[in-house]
Amino acid sequence: IALSAIKMGVWELDLRTGELQWDDSTYDLYGLRRKDIRINQEKWRYLVHPDDLDTIVKSQNLAIAEARPLDLEFRIIRGNHEIRLISYKAHVEKGPQGKPIRLIGINYDITEQRKAQEEINTLSSLVESSEDMIAYWDLEGQLIFVNTAAKEKLGWRFDKNRIYNYMT
């Protein structure tokens, strides 16, 4: 329940048999139900956005060959045709002879985080490029931000590493 609530799912790929196993939360992330589909590598690849698939497969194969962790982002196309952004982290597990035998990982839906970050970046860009003077103080009176127009018009030199307190 906790993994589903935070939009995170766990999966495992047996490198000897090719069998792919997902927990219920992973099925939820992809907009699928366990009872409706038995997942395998081919079906998973079908769900990955076509523009991202080649990079994902090459990165996964290289991580397995080098037995190193995998940390990627890619788009999926859910069952309802909605595109979501997934953070994909995996660890290669080695067998007794030191050869990779299993890939164990998590998928995490970062779509909303990415949208929020893009909005923040857009707003920050608008504020910074505004010809209006814009400055921001926190509740203790510390100057947190000054845009370029305010610095230029007031002749301020703003150092982010210095504390400016205008309430004292």
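The values are calculated or read from the model by the stated rules, or taken from the named source; none is laboratory data. For clarity, every value in this text was computed on a predicted model and none was experimentally measured. Positions of Cβ are generated from backbone atoms using ideal geometry, with glycine treated the same way; all protein chains shown enter the neighbour counts. What goes into the accessible areas is simple: the full protein's heavy atoms, side chains included, and nothing from ligands, DNA or RNA. Shrake-Rupley method; radii C 1.70, N 1.55, O 1.52, S 1.80 Å.
Points to keep in mind about this one:
- With a Förster radius of 22 Å applied to the beta-carbon distance between residue 144 and residue 114, the computed FRET efficiency rounds to 0.35.
- Difference of contour (0.36 nm per residue) and Cα-Cα distance, residue 99 to residue 154: 13.4 nm
- Listed residue pairs exceeding 28 Å between alpha carbons, taken from 35/99; 35/58; 35/115; 115/151; 43/94: 35/99; 35/58; 35/115; 115/151
- Reciprocal mean inverse distance between Cα atoms of region 94-144 - Kirkwood radius, Å: 15.7 Å
- Other residues with beta-carbon under 11 Å from the beta-carbon of residue 12 carry, at +1 per Lys or Arg and -1 per Asp or Glu, a net charge of -3.
- To the nearest ten degrees, helix 50-66 and the longest principal axis of the Cα atoms of the chain are 70 degrees apart.
- Of all accessible heavy-atom area on region 39-168, the percent that carbon and sulfur account for (1.4 Å): 53 percent
- Summed over qualifying helices (DSSP H, 4 residues or more, each -39500 (n - 2.57)) and divided by its residue number, the chain shows a 222 nm mean residue ellipticity of -10500 deg cm²/dmol.
- Here the relative contact order of region 90-130, from alpha carbon pairs under 8 Å that lie six or more residues apart, stands at 25 percent.
- Across region 1-136, Cα pairs under 8 Å and at least six residues apart give a relative contact order of 23 percent.
- Using the Cβ-Cβ distance between residue 83 and residue 34 with R0 set to 25 Å, the FRET efficiency from 1/(1 + (r/R0)^6) comes to roughly 0.70.
- Whether region 1-129 is rounded, prolate or oblate, judged on the alpha carbon gyration tensor where a/c under 1.5 counts as rounded: prolate
- Net charge in the neighbourhood of residue 90 (other residues with Cβ under 12 Å of its Cβ; Lys, Arg +1, Asp, Glu -1) is 0.
- Pairwise FRET efficiency - residue 123 versus residue 43, Cβ, R0 = 35 Å, nearest 0.05: 0.30
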